[in-house]
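Read the structure below first, then the notes.
The values are calculated or read from the model by the stated rules, or taken from the named source; none is laboratory data. For clarity, every value in this text was computed on a predicted model and none was experimentally measured. Methodologically, a virtual Cβ is constructed for each residue, glycine included, from the backbone with ideal geometry; neighbour enumeration extends over all protein chains shown. Each accessible area value is taken on the protein alone, full model and side chains, heavy atoms only, with ligands, DNA and RNA left out. Shrake-Rupley method; radii C 1.70, N 1.55, O 1.52, S 1.80 Å.
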Amino acid sequence: MLAGLALPALARTRPHYGGTLRVEIEGDAWTQNGTQAGELGSPLARRLIFDGLTRVDADGTVSPALAVRWASENSDHRWQFWLRPGVHFQDNSPLNAAAAVASLTGSCGAACPWTAVRVVGSSVIFTSDSPMPNLPTLLAGDDFLIVHFASVGADAAGQAGSAMGPLVGTGAFEPSGFSNGVLTLVANDSCWEGRPFVDKIEITGHRAIRDQWLDLGLRRADVVEVPAEQMRQAREQRLTVEASGPVTLLALAVADGGVLADPNLRAAIALVVDRNSLSNVIFQKQGEITASLLPSALTGYEFLFSADRDINKARELRGGLKPPALTLSTEGGAQMQLAAQRIALNLREAGFNVQAAAPGTALHTDMVLLRLTLASNQPQAALESLMRSLGVASPVIEDTPAGLYKVEREFLQTHTLVPLLYLPRAYAVNGRVRDFSLSPDGMPLLAGVSLQDAP
């Protein structure tokens with residue numbers, strides 16, 4: 001009798017196959033700014049279509065993906081990755097070492113973290129003049145996902161738009177159409193990890209947060225974004241919110257040329273920004289104030305970088321010099337614009353002539369307010385990834401608090417980047433979505449999602 005009573009509950013919780021998962025985002029559902037995975041689409045779509053040689057689990061462990069194992073030699077100057085056998089791209093062509101090397105060779109040009117990459121049998125070998133202790137973690141990043149350019153006819157290209165037709169990966173989903181800002185992905189039945197539960201994912205881009213939440217309430221959307229500054233409001237409205245830890249660094253990038261070639265001016269700018277007002281007013285106390293590249297949970301030394309505002313010291317550093325008008329631009333939507341305007345006001349209070357430019361209007365910009373994603377919850381790999389994303393050649397980083405602190409301090413003393421806040425990522429889901437979770441960098445893991453009302 002007890003066993004019979006348990007069966008309906010089990011049936012309700014067992015994942016169902018089928019159905020369409022509807023996702024809405026503020027950004028582009030799909031863009032193509034280049035030919036490699038790191039330049040294609042939104043990160044959300046990218047990670048559903050392509051796989052890397054490795055992946056990073058929620059606890060920071062690097063796990064096998066397209067590579068089943070790896071080993072290093074010569075004090076991490078040489079790495080060998082053995083590919084998973086029997087994997088095919090979505091056009092049914094086999095994944096082999098030559099295809100992997102072709103993708104990796106074009107992924108980063110002269111800025112690759114390795115000196116050379118080559119094929120040896122069914123393995124890929126990386127060599128470098130400098131040690132690469134974090135290579136397995138780096139290869140899990142978006143820049144190094146494996147892309148295969150197939151030769152397709154016009155009909156196939158037309159299904160997904162001419163810009164994306166020939167791009168195929170090994171992931172759980174493949175693109176089938178892009179129209180009116182909606183990207184449609186269909187399940188890859190022959191995926192090496194097994195077929196995903198849902199048949200289709202529709203990602204609608206350029207949806208305002210208010211419209212996303214309205215669609216979620218009307219059951220026209222299943223997964224929507226929740227900006228950090230609206231997390232409290234979302235919970236007050238009883239939305240089911242899944243939030244990450246502090247994974248997005250809000251920072252001010254400062255040019256080191258022209259009038260800002262003077263390091264004292266850059267140092268003055270770093271002292272002027274009022275992080276408390278950004279956190280309390282703009283981001284509704286959801287940000288972790290920081291003056292370091294890595295969040296305090298990863299290092300324990302964040303307090304050594306002062307986040308205090310000091311207008312008097314900034315004026316001393318400026319030394320009475322009145323620089324010409326400076327332009328501050330930003331990436332992102334309305335909230336980022338408000339943050340940029342607040343920073344411009346801070347700078348004007350210290351005697352700088354600064355204008356916050358509307359997105360897309362500035363031909364030249366002296367400062368950019370941007371968001372950087374923490375790619376790993378392992379401090380050494382996270383710091384190297386952040387510096388690479390800024391175009392900075394990362395030195396060899398000793399995996400100790402003292403070694404990490406030394407590299408951070410030396411970089412931050414250039415005052416070309418001013419860390420401000422660490423923000424979480426969050427999403428809201430409706431009740432029919434099952435097994436929804438976030439990756440270590442706060443992105444939704446949709447390949448394992450199922451729908452309760454799927455047939």
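Report, by residue number, each residue of segment 1-26 that is farther than 22 Å from GLY171 by Cα and either aliphatic (A, V, I, L, M) or at pLDDT 85 or above (or both). Of everything in segment 1-26, those that are farther than 22 Å from GLY171 by Cα and either aliphatic (A, V, I, L, M) or at pLDDT 85 or above (or both) turn out to be MET1, LEU2, ALA3, LEU5, ALA6, LEU7, ALA9, LEU10, ALA11, GLU26.
All of (1) more than 21 Å from ASP274 (Cα to Cα); (2) outside any strand (DSSP E or B); (3) in contact (Cβ under 8 Å) with a residue 12 or more places away in the chain hold for ALA402 with one exception: (3).
Checked against (1) open to solvent by 30 Å² or more (accessible area, probe 1.4 Å); (2) touching a residue at least 24 places away in the same chain (Cβ under 8 Å); (3) of a type in the set (Ser, Thr, Tyr); (4) more than 26 Å from LEU167 (Cβ to Cβ), THR61 passes all but condition (2). PHE178 meets all of the listed conditions (1) out of contact with any His (no Cβ under 7 Å at 6 or more places or on another chain); (2) at pLDDT below 95; (3) crowded, with 20+ Cβ neighbours inside 10 Å; (4) under 24 Å from ARG84 (Cα atoms) but one, namely (4).
Among the candidates GLN237, GLN233, the residue that is under 20 Å from SER279 (Cα atoms), surrounded by fewer than 22 Cβ atoms within 10 Å (Cβ to Cβ) and among the polar types (S, T, N, Q) is uniquely GLN233.
Residue by residue, here is whether (1) touching a helix residue (DSSP H, G or I) at 6+ places or on another chain (Cβ under 6 Å); (2) in a loop (DSSP other than H, G, I, E, B); (3) more than 23 Å from ASP399 (Cα to Cα); (4) without any contact (Cβ under 8 Å) to a residue 12 or more places away in the chain holds:
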| site | (1), (2), (3), (4) |
| --- | --- |
| ALA99 | no, no, yes, no |
| GLY109 | no, no, yes, yes |
| TRP114 | no, yes, no, no |
| ILE125 | no, no, yes, no |
| ASP129 | no, yes, no, no |
| PRO133 | no, yes, no, no |
| THR137 | yes, no, no, no |
| ALA140 | no, yes, no, no |
| ILE146 | yes, yes, yes, no |
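Residues in segment 286-330 that are within 19 Å of ALA344 (Cβ to Cβ) and loosely packed, with under 15 Cβ neighbours inside 10 Å: LEU321, LYS322, PRO324, ALA325.
Just to be sure before I move on: is VAL117 buried (at least 17 other Cβ atoms within 10 Å of the Cβ) and within 20 Å of the chain's Cα centre (by Cα) in the structure I sent? Criteria not met by VAL117. Looking across segment 258-285 at every residue that is among the hydrophobic types (A, V, I, L, M, F, W, C) and open to solvent by 10 Å² or more (accessible area, probe 1.4 Å), the one that is nearest to the chain's Cα centre (by Cα) is identified as ILE282. Scan segment 328-379 for residues that are among the small types (Gly, Ala, Ser), over 23 Å from the mean Cα position of the chain (by Cα) and under 19 Å from LEU390 (Cβ atoms) and the total you get is 0. Filtering segment 331-352 to residues that are outside any helix (DSSP H, G or I), without any contact (Cβ under 8 Å) to a residue 60 or more places away in the chain and surrounded by fewer than 16 Cβ atoms within 10 Å (Cβ to Cβ) leaves only GLU331. Cβ-Cβ distance below 9 Å, separation of 6 or more or different chains: which pairs start in segment 280-305 with a residue that is farther than 22 Å from ASP441 by Cβ and end on one that is β-branched (Val, Ile, Thr) and crowded, with 20+ Cβ neighbours inside 10 Å? From residues that are farther than 22 Å from ASP441 by Cβ, the pairs are PHE305/THR290. When segment 175-228 is filtered for residues that are under 24 Å from SER244 (Cα atoms), part of a strand (DSSP E or B) and touching a Leu at 6+ places or on another chain (Cβ under 9 Å), the ones remaining, listed by number, are ILE201, GLU202, ILE203, THR204, VAL223, VAL224.
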